[in-house]
Every structure is written in C-alpha cells, then in structure tokens.
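Only one structure is covered here, and it is reproduced in the block below.
The values are calculated or read from the model by the stated rules, or taken from the named source; none is laboratory data. Note that the structure is predicted; figures quoted are calculated from it, not measured. Cβ coordinates were reconstructed from backbone atoms using ideal geometry, including for glycine residues, and neighbour counts include every protein chain displayed. Note: areas computed on protein heavy atoms with side chains; ligands, DNA, RNA excluded. Shrake-Rupley method; radii C 1.70, N 1.55, O 1.52, S 1.80 Å.
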Amino acid sequence: MLCVLLALLQLGYFLLSWVFADATQLGPVAVTFTPRGLAPGVVAGLAPALRWSGLACALPALFTLAYALWRLDLMLGACARGQMFAQATVGHMKAFSGGVLATLVLTIVEPALRALVWKIGFGDSGRAVNVGVSSEELTLVLVCALFFLVASMMHQARRIAEDNEGFV
C-alpha cells in the first residue's frame, strides 16, 4: 500500500510540474512544482510542443520508478508471507535496486536529453546542456549497492539452507 502511495505522489508531482505547471495557490501559500533543471515558471511559458516533448523525455524515469516500486511491493508482500529467502524475493529485491539505479541514471540524463531534443528538434538554442550529480544521488547509489549486497546475502542464506536440508 505504501508503494502505491509513493507511486501516486510521484505521478502527482510529475503532472503538477509538466501538465499543470502554473503556480498553485493553497491559501496564502503559493506552491510551484518544477522539473529538474528548469527554473520556476519556465514550463508554464513553454510552447506546447516544447512542453510535451519535455514531458516525453521525463516519462522513462517515471515508468522505471513505477516498475521499481511495483517490484518493492512484490518483495514486501513475499516477506510478509514468510518467503524472505525465496529466490523470487531475492529477485524482486535485485529488480527493485536495479530499477532505482536506472531511475537515477535516467533522472540525471533527462535534463540534458530534454535540452538536446529542444535544440535539435525545435531550434531552441537558449538552453544549455547540463548534467549534474548531487550528494543525495551519490548516497542513493550507495544505498542501492547495499540492497544488492543484502540480496546476495539472502541468496547465499537460501543456498545454505537448501544444502543443510540435504544433511538432515
């Protein structure tokens, strides 16, 4: 259930930053959602072709994250059923970690891809092609590496348990 909530929150942020890009007024507070690499208010002023092509460039990261969250949900469900060391559970954990890493790579590359699409496809030469990595993203790489390590340990634990069943 938590994975579905996270996916819906991410979808909401995506839609608010690309489709409904005007600032939202919540009482006295103005809330602005912006895609990575763009200043607040830029998306609202884009031509429709630029906006939709930017949205299309960001979709692979959104779909990859949805896949990773789906695999996390499957893994958590298997753990709740007591199948913690099952091969399918280990596979779900590895797929989740790989999906998060793929999402991270796509998120880092997306602003540069968007700028290139806008420059080559629409002649918009006012945008620089930038690629940046933050310390939070590097921390996420380390966390994903830790998940891969835990998945490998779970796989080894399953193998040892299977070997021990043969001796008893």
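Annotation note: Cβ proximity below 7 Å between a residue of segment 12-30 that is in contact (Cβ under 8 Å) with a residue 24 or more places away in the chain and a residue that is open to solvent by 50 Å² or more (accessible area, probe 1.4 Å) (sequence gap 6+ or interchain) occurs for S17/F33.
Scanning segment 23-35 for residues that are small (G, A, S) and in a strand (DSSP E or B) gives a single hit, A30. Quick check, is L140 touching a residue at least 40 places away in the same chain (Cβ under 8 Å) and either open to solvent by less than 70 Å² (accessible area, probe 1.4 Å) or in contact with a strand residue (DSSP E or B) (Cβ under 9 Å, 6 or more places away or on another chain) (or both)? Taking the combined requirement at face value, the residue satisfies it. A single member of V100, V129 is out of contact with any Asp or Glu (no Cβ under 6 Å at 6 or more places or on another chain) and in a helix (DSSP H, G or I), and it is V100. Among the residues of segment 52-80, those identified as more than 20 Å from G99 (Cβ to Cβ) and either buried (at least 18 other Cβ atoms within 10 Å of the Cβ) or of a type in the set (S, T, Y) (or both) are S53, G54, L55. Which of the residues belonging to segment 81-97 are of a type outside the set (V, I, T), in contact with a helix residue (DSSP H, G or I) (Cβ under 8 Å, 6 or more places away or on another chain) and open to solvent by less than 70 Å² (accessible area, probe 1.4 Å)? A86, A88, H92, M93, A95, F96, S97 - these are the residues of segment 81-97 that are of a type outside the set (V, I, T), in contact with a helix residue (DSSP H, G or I) (Cβ under 8 Å, 6 or more places away or on another chain) and open to solvent by less than 70 Å² (accessible area, probe 1.4 Å). Check whether at least one residue in segment 115-132 is closer than 26 Å to L2 by Cβ, open to solvent by less than 60 Å² (accessible area, probe 1.4 Å) and not hydrophobic (A, V, I, L, M, F, W, C), and report yes or no. No. Pairs linking a residue in segment 36-53 that is closer than 23 Å to G132 by Cβ and outside any loop (DSSP other than H, G, I, E, B) to a residue that is of a type in the set (A, V, I, L, M, F, W, C) and open to solvent by 50 Å² or more (accessible area, probe 1.4 Å), with Cβ atoms under 7 Å and 6 or more positions apart or on different chains, are L50/F122.
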